[in-house]
Amino acid sequence: MLDLLIVVVYFVVIFMIAMTGRVQKDASIEEYFLSSRNLKWPSIALSSIATNINGYQFLGMMGSAYLFGLAQASLEINAVQGILMAAFIFVPLFLRERVITVTQYIKKRLGKTVALLYSLSNIFMFATITLGAALFWGAYAADLVFAEYLLFISEDRIVRISVIIISLGIFSAIYTYLGGLNAVVKTDVIQFSILLIGGFVVLFVSIHHLGGWRQLYI
């Protein structure tokens, strides 16, 4: 029961911290989406990593790596080129153009119709693939650990996971909508720390059960 209480406290703390920088109703678009351009580079860096790494890396991708080996890492290895292009080509371009969103830049260059299609396709892809996978694996892990405490939701595991997915999505949507980018970055920094610590724990526990570092080379 203590572990479930810790998780509940964690969510409460996350929400409270996110709301400390809640934007006002009359906030400008730049304040909402870019936190008035006042974010420091460490916060941006940690938030970017925490946004990219989540439950499906810890569960799905590691499971695939166990089955298929180093080939699973090709996704992240190939992402390096995209990150470098973004950092040295696109980000300076967006800063020079003083745009707030990528859609805004596309609208300026290619027109409103293309920008709308770009937005709709991104919403579809993120909702069904990236965000969907992140919410699923988060809900799956929660049910795996706290199943005995969540039986009040339903005895059917699929129903429980579905409810958790919806709950996590609503929770994240609320503080994102109310706090804007500032709230997202604050929570991302905390979650990055947890992901980093959890990653090291998983690494050393796995190596221990494997039989030591030498077993990696056999």
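Note on Phe126 and Arg214: with the Förster distance fixed at 35 Å, the Cβ-Cβ geometry gives a FRET efficiency of about 0.25.
Scanning the chain for DSSP H helices at least 30 Å long along the axis (C-alpha atoms) with a Kyte-Doolittle mean no lower than -0.5 picks out 157-210.
The length gained on full extension between Thr51 and Ile100, counted as 0.36 nm times the residue separation minus their Cα-Cα distance, comes to 15.8 nm. In the set (1) 17.6; (2) 20.0; (3) 19.0, which value of Kirkwood radius over Cα pairs in Å was calculated from the structure you see? Computing Kirkwood radius over Cα pairs in Å and matching it to (1) 17.6; (2) 20.0; (3) 19.0 gives (2). Residues Asp188, Asp156, ranked from the fewest to the most other C-beta atoms within 10 Å, line up as Asp156, Asp188.
On the beta carbon distance between Phe68 and Val8, with R0 = 41 Å, the FRET formula returns roughly 0.65.
Every number in this text was worked out from the coordinates using simple rules, so none of it is lab data. Only a predicted model underlies this, so the values are computations on that prediction, with no experimental measurement involved. Don't worry about glycine lacking a Cβ; one is built from the backbone with ideal geometry, like all the others, and counts go over all protein chains shown.
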